[in-house]
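Let me begin by presenting the structure, written as structure tokens, before commenting on it.
Derivation of every value follows stated rules applied to the coordinates shown; laboratory data play no part. Values in this document were obtained by computation on a predicted structure and should not be read as measured data. Neighbour counts are summed over all protein chains in view; Cβ atoms, including those assigned to glycine, are modelled from backbone coordinates with ideal geometry.
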Amino acid sequence: MLEVTVLTAFPRLFVATVDEGMIRVAREKARLAVHVVDLRDYSDDAHRTVDDYPYGGGAGMVLKPEPVYRAVEALRAQGRAPEEFIHLTPQGRTYTQADAQALSERGSIALLCGRYKGVDERIVEGLVTREISIGDYVLSGGEFAALVIIDSLARLLPGVLGTFDSAESDSFASGLLDGAYYTRPEEYAGRRVPAVLLSGHHEEIRRYRRREALERTWRRRPDLLRGASMDDEDRAYLAELARREPGRSGGGKAAGDSDEGGS
Ligand code: ADE
């Protein structure tokens with residue numbers, strides 16, 4: 001069981017979201033518990049203030065230290081001190097599938113959702129064990145980042161996904177992007193499903209899918225190829241791609257290429 005405690009000034013953002021989809025499944029299977037702590041419950045004034053202006057001036061508000069320290073003290077008093085105390089911030093290390101895998105193996109984590117401009121640095125110095133960003137863009141707070149993380153963890157917990165869509169076949173699990181998928185009908189909008197997928201030849205299908213994954217990764221995210229585990233056949237296929245299109249690796253969908261279907 002993974003226990004996730006979210007510390008936020010906007011607890012209602014978590015009400016419907018943790019009650020749907022894979023997060024709900026993980027909770028119902030008792031693989032995941034999500035506790036949402038309202039930081040305003042730990043403020044010390046009638047207005048339930050949790051933020052204040054930054055010293056030295058500047059735009060935006062900063063999360064005050066006291067409510068966060070008090071909330072953490074309350075967790076400790078209940079014997080629920082988390083193993084990791086994670087601050088969600090664009091200043092953190094960019095979250096990856098490998099981080100998701102590692103965190104999913106923990107017993108308990110806390111996710112601190114900063115708001116406005118950020119959090120008082122004494123929170124980071126005294127409590128935080130790790131800072132995570134979900135990407136190079138700025139959200140108005142850490143709540144949606146926390147939900148991204150919770151969703152990515154829920155689906156990795158044992159028994160949450162069925163065997164048919166096991167997380168092992170996901171993009172990134174193997175270090176490569178996933179290839180294209182098709183479902184019924186065999187022909188739609190004048191486009192046919194690649195014949196090999198209808199052939200019933202398992203080995204050919206496996207090879208085709210592997211090549212599609214390699215090709216897509218080569219075109220869109222060549223940076224991932226360095227970390228992917230590959231055999232001689234994979235390397236030979238990449239060499240063939242490079243021969244076919246010299247000087248062409250990288251770019252991506254936005255560059256106007258078409259790397260799927262039709263062939
Ligand atoms: N808070 C604001 N922007 C964020 C981001 N990109 N990742 C994580 N937390 C954030």
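Within region 1-32, can you find the residues that are aliphatic (A, V, I, L, M), within 16 Å of Gly141 (Cα to Cα) and assigned to a loop (DSSP other than H, G, I, E, B)? Spell out how you get there, then give the answer.
Of region 1-32, the ones aliphatic (A, V, I, L, M) are 1-2, 4, 6-7, 9, 13, 15-16, 18, 22-23, 25-26, 30, 32.
Right, trim to within 16 Å of Gly141 (Cα to Cα) and you get 6-7, 9, 13.
The one that is aliphatic (A, V, I, L, M), within 16 Å of Gly141 (Cα to Cα) and assigned to a loop (DSSP other than H, G, I, E, B): Ala9.
Which ones in region 181-204 are of a type in the set (A, V, I, L, M, F, W, C) and either crowded, with 16+ Cβ neighbours inside 10 Å or touching a helix residue (DSSP H, G or I) at 6+ places or on another chain (Cβ under 7 Å) (or both)? Once the filter is applied, which keeps residues that are of a type in the set (A, V, I, L, M, F, W, C) and either crowded, with 16+ Cβ neighbours inside 10 Å or touching a helix residue (DSSP H, G or I) at 6+ places or on another chain (Cβ under 7 Å) (or both), region 181-204 yields Val193, Val196, Leu197.
Kindly evaluate Ser229 against the criterion of being without any contact (Cβ under 8 Å) to a residue 60 or more places away in the chain and touching a helix residue (DSSP H, G or I) at 6+ places or on another chain (Cβ under 9 Å). Give the derivation first.
On the way: without any contact (Cβ under 8 Å) to a residue 60 or more places away in the chain: yes; touching a helix residue (DSSP H, G or I) at 6+ places or on another chain (Cβ under 9 Å): no.
Criteria not met by Ser229.
Among the residues of region 138-167, those identified as assigned to a helix (DSSP H, G or I), of a type in the set (Gly, Ala, Ser) and in contact with a Leu (Cβ under 6 Å, 6 or more places away or on another chain) are Ala145, Ala146, Ala154, Ala167.
Name the one entry in Asp170, Asp178 that is surrounded by fewer than 18 Cβ atoms within 10 Å (Cβ to Cβ), within 30 Å of Met1 (Cα to Cα) and in contact with a Ser or Thr (Cβ under 8 Å, 6 or more places away or on another chain).
Working: Asp170 fails: in contact with a Ser or Thr (Cβ under 8 Å, 6 or more places away or on another chain).
So the residue among Asp170, Asp178 that is surrounded by fewer than 18 Cβ atoms within 10 Å (Cβ to Cβ), within 30 Å of Met1 (Cα to Cα) and in contact with a Ser or Thr (Cβ under 8 Å, 6 or more places away or on another chain) is Asp178.
Only one of Arg207, Arg219 is surrounded by fewer than 17 Cβ atoms within 10 Å (Cβ to Cβ), part of a helix (DSSP H, G or I) and among the basic types (Lys, Arg). Can you tell me which?
Details: Arg219 fails: surrounded by fewer than 17 Cβ atoms within 10 Å (Cβ to Cβ).
It is Arg207.
Restricting Ala9, Ala33 to residues that are in contact with a strand residue (DSSP E or B) (Cβ under 8 Å, 6 or more places away or on another chain), touching a residue at least 40 places away in the same chain (Cβ under 8 Å) and small (Gly, Ala, Ser) narrows the list to Ala9.
So for region 108-131 (the condition being over 23 Å from Arg12 (Cβ atoms) and within 15 Å of the chain's Cα centre (by Cα)), does at least one residue qualify? Checked region 108-131: at least one residue is over 23 Å from Arg12 (Cβ atoms) and within 15 Å of the chain's Cα centre (by Cα). With respect to the conditions (1) loosely packed, with under 13 Cβ neighbours inside 10 Å; (2) in contact with a Phe, Trp or Tyr (Cβ under 6 Å, 6 or more places away or on another chain), Ala30 lacks only one, and its number is (2).
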